[in-house]
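Written below as structure tokens is the structure these notes are about.
The values are calculated or read from the model by the stated rules, or taken from the named source; none is laboratory data. Just so it is clear, the structure is predicted and the values come from calculations on it, not from any experiment. Note that each Cβ is placed from the backbone with ideal geometry, even for glycine, and that neighbours are counted across all protein chains shown.
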Amino acid sequence: MLRLFLSVSDTMKVSGCLVLFCLISFLDVPVLCAEGKPTGETKPKFCRDLECPRYKVVQQLESFEQRDYVETQWVSTQFKVGFLGFGMVPSFKRLFDYISGNNSAGLKINMTVPVVIRYPLAKNDMATMSFFISPSVGKAPEPLNPALYLETILPKSVYVMSFGGYALEYHYKKKAEALAKDLVNLGKHFDDSVRTTAGYNDPFTFSDRHNEVWYTAL
């Protein structure tokens, strides 16, 4: 099974994939519809054979949904936002090194999804990339790299817009703008100070790709 994105030794492939992504564009116009029924907590199909955070869908519309997530544990690092997203490469490598055993327990941790990136919408060129840590790990070992840190995210509700295809930061940003517009039009209250992107596939998955943008509900 291919691990998400790349192995540590394949870091340079990310740059090539990011250039490839620049050549791929798509159009998706959100259309709102009547509210759907809530669904029970389950592992979604788009996580495939990797573990991902559990949630319940509490409101379903055609262009987005509202999810209630359980408490989750993450390992995170910051990076400077730059052209074509090349700042993501060393950040991903730091996180991948952590789950590969570069931690206080020397513990190897299974890859999970999504890879989440949080972008403050204020004038700030620093973003935060995070890997989800499975509850089966228990208390996560401390990172050895000082650029990494552990986070516990308390239960929260988020608005999520999903889309397919290969996604660059440009595409995530456009989807986040569309989601924010839909939320405002519907009178939904949300934290507009941070937008979150969530990626679920490695670059070599060519079909049924799944990407998301999130805003935290208030």
Subject >> Hey, residue 191 in contact with a strand residue (DSSP E or B) (Cβ under 6 Å, 6 or more places away or on another chain) and of a type in the set (Asp, Glu) or not >> reply: yes
Original post:
When only residues in the stretch 34-61 that are modelled with pLDDT of 90 or more and of a type in the set (Asp, Glu) count, which is nearest to residue 115 (Cα to Cα)?
Top reply: 51
Subject >> Search result, residues across the stretch 174-211 that are more than 19 Å from residue 81 (Cα to Cα) and of a type in the set (Asp, Glu) >> reply: 182, 191, 202, 208
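Quick check, is residue 188 in a loop (DSSP other than H, G, I, E, B) and either modelled with pLDDT of 95 or more or touching a Lys or Arg at 6+ places or on another chain (Cβ under 9 Å) (or both)? Step through it out loud before you land on a result.
Numbers: in a loop (DSSP other than H, G, I, E, B): yes; either modelled with pLDDT of 95 or more or touching a Lys or Arg at 6+ places or on another chain (Cβ under 9 Å) (or both): yes.
Spelling it out, residue 188 is indeed in a loop (DSSP other than H, G, I, E, B) and either modelled with pLDDT of 95 or more or touching a Lys or Arg at 6+ places or on another chain (Cβ under 9 Å) (or both).
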Original post:
Can you name the residue in the stretch 158-185 that is over 15 Å from residue 66 (Cα atoms) and of a type in the set (Asp, Glu) and is also modelled with the highest pLDDT among such residues?
Top reply: 177
Original post:
Quick one: would you say residue 105 is of a type in the set (Gly, Ala, Ser) and either under 30 Å from residue 186 (Cα atoms) or touching a residue at least 40 places away in the same chain (Cβ under 8 Å) (or both)?
Top reply: no
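Being closer than 24 Å to residue 179 by Cα and not in a loop (DSSP other than H, G, I, E, B) is true for just one of 89, 57. Which residue is that? Step through it out loud before you land on a result.
Details: 89 fails: closer than 24 Å to residue 179 by Cα.
Residue meeting the stated conditions: 57.
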